[in-house]
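Written out below as structure tokens is the structure these notes cover.
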Amino acid sequence: MSVDNMQRKSFRTMPCPIARGLEHVGEWWSILILRDAFRGLTRFDEFSENLGIAPNMLTRRLNAMIEAGLLVRRRYNERPPRDEYLLTPRGKDFRPVLLSMLAFGNKHFPPDDRTVRIVNTETGQPVDPLLVDPSTGRRVDGPGYQVVTTMMQDAAA
């Protein structure tokens, strides 16, 4: 049985926000489509050519990402009918995740033939993404920060 034909567990009803997010972006094609959308690709043939993905799989992934509110479809040509796929605000919120994955991949699984880096556009210097508490400027992956679970009614109080 191929990976594409395997039934997978749905994370839609799980209380964990990581699991619920994976429900919509956890399939590798989805992450790569988002990566390409951030690079400026918008058209079906651009995604297909860049990814080497089968057209039926690309159609399914794009439709699922539209349904999840990560992309929006916009008609750019009537005859023949052609659409482009644009990031929504929800889709744009995935950018820090992609940048973190890029840094992780560079550190632990670097490509052999080239370097992909995040650079400061003013200085040209490479940088690594960092999650910080905006009120203190301190790293949230360090001491003094932990993940806690609260009920929504508790959070609203």
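Read-outs: derived from the displayed coordinates by stated rules, not from any lab. None of the values given here were measured: they were computed from a predicted structure. Ideal geometry is used to build each Cβ from the backbone, glycine not excepted, and the neighbour counts take in all protein chains shown.
Neighbours of residue 95, meaning other residues whose beta-carbon lies under 12 angstrom from its beta-carbon, give a summed charge of +3 when Lys and Arg score +1 and Asp and Glu score -1. When the chain is modelled as a GNM with alpha-carbon springs shorter than 10 Å, which of 41, 70, 22 fluctuates the most? Looking only at 41, 70, 22, the biggest GNM fluctuation is shown by 22. Distances between placed amide hydrogens fall under 5 Å for residue 71 paired with 66, 88, all partners being 5 or more residues away or on another chain. Comparing 138, 79, 117 in a Gaussian network model of the chain (Cα springs below 10 Å), the most mobile by mean-square fluctuation is 79.
The mean sequence separation of alpha-carbon pairs under 8 Å and at least six residues apart, normalised by the residue count of the chain, gives a relative contact order of 13 percent. The GluC sites (Glu not before Pro) of the range 13-80 that DSSP puts in a loop, and whose beta carbon has at most 12 other beta carbons within 10 Å, are 78.
With contacts defined as alpha carbon pairs under 8 Å and 6 or more residues apart, what's the relative contact order of the range 9-92 in percent? Don't jump to the answer; show the numbers that get you there.
Details: 86 pairs, mean separation 20.7, N = 84.
Reported relative contact order: 25 percent.
Label separation (residue 66 vs residue 101): 2.2 nm, computed from points 7 Å beyond Cα along the C-beta direction. Put simply, when 93-100, 128-135 are sorted by average Cβ atoms within 10 angstrom per residue, most first, you get 93-100, 128-135. Convex hull volume per residue, computed on the Cα atoms of the chain, equals 205 Å³. Taking 0.36 nm per residue of separation and subtracting the Cα-Cα distance, full extension of the segment from residue 86 to residue 125 would add 11.1 nm. What is the distance, in nm, between label points placed 7 Å from the Cα along the Cα-to-Cβ direction at residue 16 and at residue 149? My value for the distance between the label points is 1.0 nm. Each of 18, 31, 118 was scored by other Cβ atoms within 10 Å of its Cβ. Arranged with the fewest first, they read 18, 118, 31. Close amide-amide hydrogen proximity is noted between residue 138 and 133, each under 5 Å apart and 5 or more residues distant or on a separate chain (H modeled in the peptide plane; Pro and chain starts excluded).
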